[in-house]
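Nothing in this text is a laboratory measurement; each read-out follows from the coordinates by a stated rule. All figures in this text were calculated on a predicted structure; none of them were measured in a lab. Glycine also receives a Cβ, built like all others from the backbone with ideal geometry; neighbour counts cover every protein chain displayed.
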Amino acid sequence: MPLRSVIAGCGGCLPAQVVTNEELAARHGLDTSDAWIRERSGITRRHLAGPGETAASMGAEAARRALARAGIAPEEVDAVIVATATPDSAFPATAVHIQRLLGVTRGFGFDVSAACTGFIYALAIADAMLRTGQARCALVIGTEVYSRILDWKDRGTCVLFGDGAGAVVLRAEEREDGRGILSTHLHADGRHADILHVEGTTGPLRMAGREVFKHAVMKLAAVVDEALAANGLARDAVDWLVPHQANIRIIEAMGRKLGLPPERVVVTVDRHANTSAASVPLALAEAVEDGRIRQGDLVLLEAIGGGLTWGAALLRF
Ligand code: ACO
């Protein structure tokens, strides 16, 4: 029987503080408007971390919720893989801080850096490790505190991001029902490193938005086709698109490309803004929690971010 990585549970965590577009503009004296931000990005508000909320604390809370949904105890976890571009310290890794907060003492833990594509990268690594027997039960987490690396005077970037964390519990299971991760597809092209980057280790973040937008539409369309072709599946086989939440216009373009009605595309960017590596697992957790995504559904995840990095994962939930 084939060994598959199956999502046993999902969870999300958002900071308590919610900041609307108007509040953000007033707080930082920005020359912008709610109408501009909504129209260009689809964002209406975001959650921003308070003093006690860190990449590790939010990641641990998202993981706790994912474990609870899966009915799995922290003692069973033998791998913690964390995607983050905003770790609380250079080392130890956010993964071991989360291990400690959860009481996980077995196996291994490390962080992955691939900006907004980080969760797809982390999922691909976890899947490969589970299927080759290096672990049995992995926590794959995306957690970000972009509010700490933004230039609050740069209206072209600071209005676009939010903080939060999402997690999945991935378990190696021998299955014949087709459930599990079917394939993952990773890409990077360092020639475009400058169009979206963080200066030094503490920021601020810099982005040539229009350039990134153009790459996003082309590269995401290509990687989605790559994932479907690798599995011999047509576009109409996809039940749910769970895209990276950077901009509603990019998300809608991807939905149209797949021929999916809007209600089959999971959207959180309006309420969360861009939470980078946390955006895909947060959106997945929301759609599983409210009953939209059900066992057996074919789910397509995709993301693009700094690097440029981009990728997709196709799974039967
Ligand atoms: N309020 C008002 N005006 C603004 C604002 C603002 N907040 N920000 C920029 N503008 C102005 C610009 O100065 C520019 O003015 P000009 O024409 O006088 O020069 C004008 O609005 C248009 O700016 P553009 O950047 O061309 O606007 P665009 O329609 O491209 O929207 C946006 C900008 C939302 C950033 C868009 O390009 C985008 O979403 N890009 C992709 C972002 C993305 O996908 N990132 C992915 C990953 S993120 C990661 O990895 C960390």
(message) Can you compute the FRET efficiency between Ser89 and Ala188 using 1/(1 + (r/R0)^6), with r the Cβ-Cβ distance and R0 = 22 Å? Round to the nearest 0.05.
(response) 0.30
(message) Compute the distance from the alpha-carbon center of the stretch 229-288 to that of the stretch 114-152, in whole Å.
(response) 18
(request) Just check the chain against the gyration tensor rule for me: Cα atoms, a ≥ b ≥ c as the square roots of the eigenvalues, rounded for a/c under 1.5, and otherwise prolate or oblate depending on whether a/b exceeds b/c. (result) oblate
(request) Return the lysines within reach of Lys257: Cα separation strictly under 16 angstrom, same-chain partners fewer than 8 residues apart disregarded; answer none if there are no such residues. (result) Lys214, Lys219
(request) Give me the percent of DSSP beta bridges within the chain that run antiparallel, rounded to the nearest 5. (result) 70
(message) Can you compute the charge dipole magnitude of the chain about its Cα centre, using +1 on each Lys and Arg Cβ and -1 on each Asp and Glu Cβ, nothing else charged? Give it in debye, rounded to the nearest 20.
(response) 160
(message) So the label point goes 7 Å from the Cα of Val18 along Cα→C-beta, right? Which residues of the stretch 248-270 then have their backbone N under 18 Å from it?
(response) 267-270
(message) Given R₀ = 30 Å, what would the calculated FRET efficiency be for Glu263 paired with Gln134, taking r from the Cβ atoms and rounding to 0.05?
(response) 0.20
(message) Which one, Gly103, Ala68, Ser113, projects farthest toward the positive side of the charge dipole computed for the stretch 60-129 from Cβ point charges (K/R +1, D/E -1)?
(response) Ala68
(message) Can you compute 3J(HN,Hα) from phi for each residue in the stretch 27-41, using the Karplus curve 6.51 cos²θ - 1.76 cosθ + 1.60 with θ = phi - 60°, rounded to whole Hz and x for Gly and Pro?
(response) 4, 10, x, 8, 7, 8, 8, 4, 4, 4, 5, 4, 5, 7, 10
(request) Go through the stretch 151-165 residue by residue and turn each phi into a ³J(HN,Hα) via Karplus (6.51, -1.76, 1.60, θ = phi - 60°); whole Hz please, and just put x for glycine and proline. (result) 8, 6, 9, 9, 5, x, 10, 5, 7, 9, 10, x, 10, x, 8
